[in-house]
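Each remark here refers to the structure printed beneath this line.
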Amino acid sequence: MPEKNGPYLPGTPCWVDLMVPDQQAAIDFYCDLFGWQGQVGPAETGGYAVCSLKGKPVAGIMAAMNPDGSVPDPMPPSVWTTYLATDDVDATLTSIGDEGGKVVMPAMDVTTIGRMAVVADPQGAVFGLWQAGEFTGAGIVNEPGAVIWNELSTSDTDAAGGFYRKVLPITPAPAEMEGAEGYTELKVGGRGVAGMMNLDKVPPGTPPHWLTYFQVDDVDSVSDAAVRAGGNLLQPPFDMVAGRMAVLSDPQGGVFAIITEPNPEQPA
């Protein structure tokens, strides 16, 4: 089992969470789809649900609300947020401001489990920062039902790569996999931890964003299950260099990808 027990290196995607109007409906949808366990959390954390897979934290789901606990008007779109690990949220926020990024949610302590902030890069892609306390992030990754990849789609890959390199110990590098020409890996400590591509590879009008990929055993059957549960198929299953994948939205509009890695004995 690909479990993660220690802290994530700064710059590495360490957590994802979803903000939605109807938290319980989202918990039910994803638990049924991926085999998670989850329930609305305690009041002191705003009801934040830490969903688990095989007893390990895998993703968060929260209800959209204002800081005072009231319902937002208008309601923000449902969205999955990728969190990048940092040793010092406040210092990273300073660097982000210096390099043209914007603060969406200022740094705040989350009880004793960590410190967080939400920001946008200069091209407008929103992501989170997580400084671990008692909670380091996802406890299981890279297996069916868990996050396997995080990907930035941006209007200017050169500028975005420069930004992330300056604010976190991330090194952009051309992907070396055959068939992945034009794709950029974001590396931490010499290891690819995320990807980056130009917006011209996604539907016209799509803004810069981070996309969460969940690994599944069978992309086609999971896609069918998501649609039966009220989700939408945005990009039907297709084969690509890293495996077979699809892009979907949940019943409340949260966009995510699913992927099945190719069988190592049957190279794609």
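Here, each number is a calculation from the coordinates, and none is a lab measurement. Computed from a prediction, not measured in an experiment: that's the story for all the values here. For neighbour counting, all protein chains shown are included, and Cβ atoms are generated from backbone atoms with ideal geometry for every residue, glycine included.
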*In segment 163-189, the residues that are out of contact with any strand residue (DSSP E or B) (no Cβ under 7 Å at 6 or more places or on another chain) and free of Cβ contacts under 8 Å to residues at least 12 places away in the same chain*: GLU176, GLU181
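One residue is enough: does segment 14-34 have a residue meeting the conditions out of contact with any Lys or Arg (no Cβ under 8 Å at 6 or more places or on another chain), on the phi > 0 side of the Ramachandran plot and surrounded by 13 or more Cβ atoms within 10 Å (Cβ to Cβ)? Please lay out each step first, then the result.
Pass one, segment 14-34, residues out of contact with any Lys or Arg (no Cβ under 8 Å at 6 or more places or on another chain): 14-34.
From what is left, the residues that are on the phi > 0 side of the Ramachandran plot are none.
Within segment 14-34, not a single residue is out of contact with any Lys or Arg (no Cβ under 8 Å at 6 or more places or on another chain), on the phi > 0 side of the Ramachandran plot and surrounded by 13 or more Cβ atoms within 10 Å (Cβ to Cβ).
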*Check segment 231-245 and report whether any residue there is of a type outside the set (A, V, I, L, M), in a loop (DSSP other than H, G, I, E, B) and without any contact (Cβ under 8 Å) to a residue 60 or more places away in the chain.*
no
*Go through the residues of segment 208-216 one by one and say whether even a single one is surrounded by 16 or more Cβ atoms within 10 Å (Cβ to Cβ) and more than 29 Å from VAL89 (Cβ to Cβ).*
yes
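Scan segment 137-153 and give yes if some residue there is more than 17 Å from the chain's Cα centre (by Cα) and surrounded by fewer than 19 Cβ atoms within 10 Å (Cβ to Cβ), otherwise no.
Narrowing segment 137-153 to residues more than 17 Å from the chain's Cα centre (by Cα): none.
No, segment 137-153 contains no residue that is more than 17 Å from the chain's Cα centre (by Cα) and surrounded by fewer than 19 Cβ atoms within 10 Å (Cβ to Cβ).
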*asked:* Restricting to segment 124-144, name every residue that is out of contact with any Gly (no Cβ under 9 Å at 6 or more places or on another chain) and not aromatic (Phe, Trp, Tyr).
replied: GLY124, ALA125, VAL126, GLY128, LEU129, ALA138, VAL141, ASN142, GLU143
